[in-house]
Structure formats: C-alpha cells, structure tokens
1. What is the calculated FRET efficiency for residue A:207 to residue A:38, with r their C-beta to C-beta distance and R₀ = 35 Å, to the nearest 0.05?
2. Report D for segment A:1-156 in µm² per second (integer): Stokes-Einstein, Kirkwood Rh on Cα pairs, 37 °C, 0.692 mPa s.
3. For segment B:8-95, go through all pairs of different Cα atoms, get the mean of 1/r, take its inverse, and jot down that Kirkwood value in Å.
4. Hey, got the average number of other protein chain Cβ atoms within 10 angstrom for residues in B:46-54?
5. Hey, what angle do you get for helix A:308-317 against the long axis of chain A, alpha-carbon based, 0 to 90 degrees rounded to 10?
6. Let me understand segment A:134-190 better: what is its radius of gyration from the alpha carbons, and its Dmax, in angstrom?
7. When 1/r is averaged over all different Cα pairs and the result inverted, which Kirkwood radius in Å belongs to segment A:167-272?
8. So what does log10 I(q)/I(0) come out to for segment A:233-355 at q = 0.14 Å⁻¹, using the Debye formula with one equal point on every Cα and no solvent?
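Readers should treat all values here as calculations from the given coordinates under stated rules, not as data from a laboratory. Please read these numbers as outputs of a predicted model, since none were measured by experiment. Cβ: placed from backbone, ideal geometry, glycine included. Neighbour counts: every protein chain shown.
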C-alpha cells in the first residue's frame, strides 16, 4: 500500500465478520471448545472467547473467566498451519494413471492471528512455497491479526524478534483496547483497506494510539523475564551435537510429537497408500508426520535416529541452527506452544540455554 | 495442472532380472518424452497402491526412457521387482544433485562402487568411457558381497577397454580368483596421483566413508571425492523433512555431495 491511513476505531467485531462472510470468506476464529481455545468457523462474534483468559506454563494449559477482552489469551494449540498445510490431504487417486483432486482451498478469513502466527506463515511460505497446493491455500487466506496483549508465561516472541505487535503480513490488524472496550484497526493490504472503509467506524484520537502502544509495551514487559540473546545460537547449537545434554533431555522427553503438532512452523509429512474398496483405485494421502516418530528416518528397515536423544537433537537443532542454513532464518517464532503442550513440560528456552 | 507430488504414468518397456538379485527396468513415459537427467540423479517411482521410493537413474534406454535397477528390500521395491513389461508405474523427477562431470575433466578418475552403488555410477562410467581423451587414467573399483552380486557383468567387460577394473568380493565362490575383502584394500593397491585425482563413490554409507577416508589418507582432497548419500526420501522436493542430514535436505542438496561437506555430518552418530 502506498500510504498508511490512520487507524480507525471499531466498536464491535460482528460487522467485520459479516462483511467478510458477504465477501465470500468462511470466517475462522477462536472459540472455546473442550476447555481450550480452538479455531473454528464463526458466524458471529458471540462465539468468540469473550471474557476468557488462559494460564500457560510448561506442560500446563488452563482457561478461566476474567476481564472483558475478546482476545485476552495467548497462543492456542491451533495455528494457521491447519489451514495452509492441513493435517491430512489426498494427493491423488490412481486408476491406470493419476486423478488429481481439486485443491481444497476455500477463501478463508482467519481472525485472531498473533504476530508469532504471522511470522510462522512467512516461515512456511519459504519452506512450502514450491507446493502449488500450499500456494493455493495460502492465497485463499484473508488475515486479521490481533496485537498480543496477554502473552503467557511460556511466550518468547520478543527474543525471536517476531512480536508482540503485528508489523506485516496481514490484511487487517486490530489492537483491542479497554475502558471503553474498542478495537483500533489498521489495514495491511488494499483489500484490507477496502473492507475497513466499508465498516462502521470512528476516527481514532491520539489517546487511542497511545493506549495501543501501551498494550504492546505491557506485553513486551511481560516477556522480559524470559528474554534471551539470540546472537550466536545457530553456531552454539551446531557445536553442541555431541553434548551430553541431549541424553538428559531424552530421559524426560516422551517423543510423543505433541510439540511438532502444535508448532506453527513444523512442516514434516508422510504419505499413506491405500486402495479404494469401492472402485479399486489406488489413493495416496499426505499427513503430518514428526521427526520424533521412531520410523521417521527409516532406511533399510532401521531408523537412522533410533534414540530419543538424536530425535530431540534433530528437532531443536533444526529450529535454531540448520533451519538458518536452509532458509536463512530461524524455524522458531517464539509462540511457546511446544512448551505448554509438552506432557513432560520440557521448556526449549531452558534447554537452549543449557546447550549454549 | 499436474501437482509436484503427482507421478506421471510410465510404461515398463523391458524388465531384466539381474544375477545380483535385482531387477533392471527400462521405463518410458506413457505419453511424450521423459526429461533429461544427469549422472547421479534419481526419480521417485510409484507402485500404485503400494508406495513410492527413490531409485537412481542408471542410464537411457535404447529407445529413450530411464534404465533403473531395483533390489527387493521393502514392500515398494518388492512390488516394483514383480512388475512385468507393459505394466504402468508412476514416476516423478529426476531429482537431486548430480555427479559433477566437469569437476574431473583433465584428471585421473577413480570410480568406486559398493554393491548396488554401481547403479547410480553407471552413467558416470559411461560418460567417462565415451570421452576418454577428456580425462586422465580411469580406474573402476567394485566391491560386492558375492561374485554373482556384481552388477552389469557384461558391461564391466566392455568398460575394461578404458578402465583399470578391480573387483573384490566378501564371500568368494569356488571359481573366484580375484581379490577378497574390503574395497578399501583396492584403494591401497592402486597408484594414485593425489593432486590430479577425482573420485566418484557410491555404496553403503560405511563403505563410502571407509573408501573416502582411504582416499584422503592417500592425499586426495575431500573436496574432490563425490559420494551419493542415502536417507529416507519421501517427496524429493525438500518438503517432507524425512531425509535431513544436518543442514542438508538430502533429496535436493544431495544425494551427491563432496566428502568435505559430508564427513563432519556422517561422523556424528544418528544425525
């Protein structure tokens, strides 16, 4: 966009949801389901987790009711990955030759992505941009970001340089403000600006901008105790390949793959082959896989990374070292999901510091 | 539109059961021409309903197509070995880094193959044999478990016009009169001018490391030893993550790498 118009104030989310739905998007956003914030298709803001907040720590996630915010919680186990890189997708069917399915890429507006999630999308673009199906699903997204107001105790986006304020890669970004409750909205794309212009809105005042800056300042301060120096980590992790720390971590790690499933950048997949019993056609399905699974590196019947220590080393080293070799950036965005959803409560930030 | 994970139908033009308990197929596209390839590259071959595996390309068929040698090891390779002439399979590729044939121009060349490792080296050997004036002294070292496990025996006899060929086996039979033991012993026996030698090595990882180490001990720079890495490749595109070896996606940054890059990675157990 050539010029950045001033942010405007929105009093409610429903007009935005309606406008997106009229614009042909299915609207996906956060909702409370099974005691967790999950992404689901929304028809109105009433389904949003208004008044809910989360408490996250290594191996623990709890929701409780507090405050009036719609977006008053940190990262949920879902991320945009589910929509750009689905857990399971049919690659093709084969009946004397390939029959390709239509790429399932319905126009989708994702509401409530945080800066870390946007950073993860940018990371995914570099990894999977060569896939036509990924590009189609990615191009079908309309992204409504929310500046993070309430990072959890596991968040470390400020260390990774990805948040807490959404800086780029969105169509619209909101800052949720209190007393009175309102959203400060800014456009990050032409189509975002068009949607915004058509919504009922008010001009913002300097006090609104100051309040928004305060949200980011407060969020940044909350992550300060956890902040670490990123410089040198790539080389230090590479140099730690034979460290005894891996074995120690492996004594706690269950190699369950939870971390890779909730990670917004983990992209590994495997394929499953089968035959359709109704017509005899062969079918090939791609599904998420994890470098923590035993057979992931199987070669001639034996896994290359047979030990849990080797598999944890691969995962962490990939995020903080070899990803940089491959793509020129880190494979971690600091969202903390892997820490919260680790049943053993392994905190990669702590482990990283021990390895350096 | 054909997506990058969708195989293209290829017909099995011919099938030959090798002495070496492998099967050599010539695969041609059901329609059109197959893409060009460079020595060392591989394709992903899909056995419908069973699965897909990487197989190196051993050459062009007489009427075009890819010559590819497969040994039955897992479910997919077993299915591909059972396939008959006229059957359809799926093929994607070619993929991967090639053996750099320009890098050895003007030099003495050692080709060292262990077992099925001769299959990806066959186009290297044929290229060298086709342009003997372009290279110095040519040596071909072959290691196999048994005498009958030596691939392409008839061609070996032909290549002897251009190459000093030495074959060693682990388990000789009654008729075997050649060397017995590791291929590294052959490396120790041949004359090497280390400053003008380039080596192409392919075989089991343990054989490649031992051979490369033996060459390095003889003074050949690690950067002039090319080997072909094997890891679990599922996509060939650097998308599925399975074949990573440290910073390498073996399917796109390899399989062919020089030993100066590979050695520090291969010496870390379970990397």
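1. Rounded to the nearest 0.05, the efficiency is 0.50.
2. 189
3. With all distinct Cα pairs of segment B:8-95 included, I get 12.6 Å.
4. Counting Cβ atoms of other protein chains within 10 Å of each residue's Cβ and averaging gives 5.
5. The helix A:308-317 is inclined about 40 degrees to chain A.
6. When restricted to the Cα atoms of segment A:134-190, Rg and Dmax are 13.5, 41 Å.
7. Details: mean 1/r = 0.0529 Å⁻¹.
Across segment A:167-272, the inverse of the average 1/r is 18.9 Å.
8. After summing over all Cα pairs, the log10 values are -0.64.
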